[in-house]
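Have a look at the structure below before the remarks.
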Amino acid sequence: MEFSVDRKGALLVSGWFAAAGIVLCLPFLSLFSVSPLIVLAVWLFLCFAVLAPRLISAAIRVGGNHLTVRKGVFFPVTRRIPLRFLSGCHILQSPLQRMTGTCLFILYSSGCTTVLAGLRKEDAELLSEKLSYGGKLL
């Protein structure tokens, strides 16, 4: 069973970082004429051209005895976690994520904490239910 982050959720999370950059650059726009605009343009490029594809490429696969999390486009990272080492998961939603049906899925294990930003809420709930029964749906 495999779950992946959709474009809508990834763009929403990238938009959070873009909005934070805009808010941080606004006070400096009146002091300087060109440099904050260049910094802002570079920041928006990084948010939507680098961060969003990395988030879109995130996928989580539940196998028989392990869970595999894959993230990244240019430098992919694959994390394989045995199901017996999973200690829990958490689903977080902002009001904007409630409107779009996405969430942050945080997975806790004995060696690491993994965050999947922009996962669909239905997929996160199904995955949480599956993991709470030891990888088997009843």
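List of remarks:
- For region 94-110, filtering for residues that are open to solvent by 50 Å² or more (accessible area, probe 1.4 Å), in contact with a strand residue (DSSP E or B) (Cβ under 8 Å, 6 or more places away or on another chain) and not small (Gly, Ala, Ser) leaves 1.
- Residues in region 24-41 that are part of a helix (DSSP H, G or I) and either small (Gly, Ala, Ser) or at pLDDT 85 or above (or both): 2 in all.
- Close contacts from region 39-51, counting a first residue that is over 11 Å from Ile22 (Cβ atoms) and a second that is at pLDDT 85 or above, with Cβ to Cβ under 6 Å and a gap of 6+ residues or different chains, come to Phe48/Ser14; Leu51/Ser14.
- Meets criteria (open to solvent by less than 50 Å² (accessible area, probe 1.4 Å) and of a type in the set (Gly, Ala, Ser)) for Ala52: yes
- Any pair with Cβ under 8 angstrom, 6 or more apart, that starts in region 74-88 at a residue that is over 12 Å from Gly63 (Cα atoms) and ends at one that is open to solvent by less than 50 Å² (accessible area, probe 1.4 Å) and modelled with pLDDT under 85: Pro76/Ser57; Leu86/Leu131
- Residue check, Glu122 open to solvent by 30 Å² or more (accessible area, probe 1.4 Å), in contact (Cβ under 8 Å) with a residue 12 or more places away in the chain and in a helix (DSSP H, G or I): yes
- Meets criteria (in a helix (DSSP H, G or I), within 20 Å of Ser132 (Cβ to Cβ) and of a type outside the set (Val, Ile, Thr)) for Arg54: no
- Sole residue being within 13 Å of the chain's Cα centre (by Cα), farther than 18 Å from Lys8 by Cα, open to solvent by 80 Å² or more (accessible area, probe 1.4 Å) and at pLDDT 85 or above, chosen from Thr113, Thr78: Thr113
- Hey, Leu131 assigned to a helix (DSSP H, G or I) and modelled with pLDDT under 90 or not: yes
- When the test is whether a residue is open to solvent by less than 40 Å² (accessible area, probe 1.4 Å) and closer than 28 Å to Val23 by Cβ, Gly88 does not pass it.
- Candidate set from region 17-28 (those that are under 23 Å from Arg120 (Cα atoms) and surrounded by 13 or more Cβ atoms within 10 Å (Cβ to Cβ)); member that is farthest from the chain's Cα centre (by Cα): Ala18
The values are calculated or read from the model by the stated rules, or taken from the named source; none is laboratory data. Remember, it's a predicted structure, so these values are computed and weren't measured experimentally. Counting neighbours? That spans all protein chains shown, and the Cβs are built from the backbone with ideal geometry, glycine included. Remember, those area values only see protein heavy atoms, side chains included, never the ligands or the DNA or RNA. Shrake-Rupley method; radii C 1.70, N 1.55, O 1.52, S 1.80 Å.
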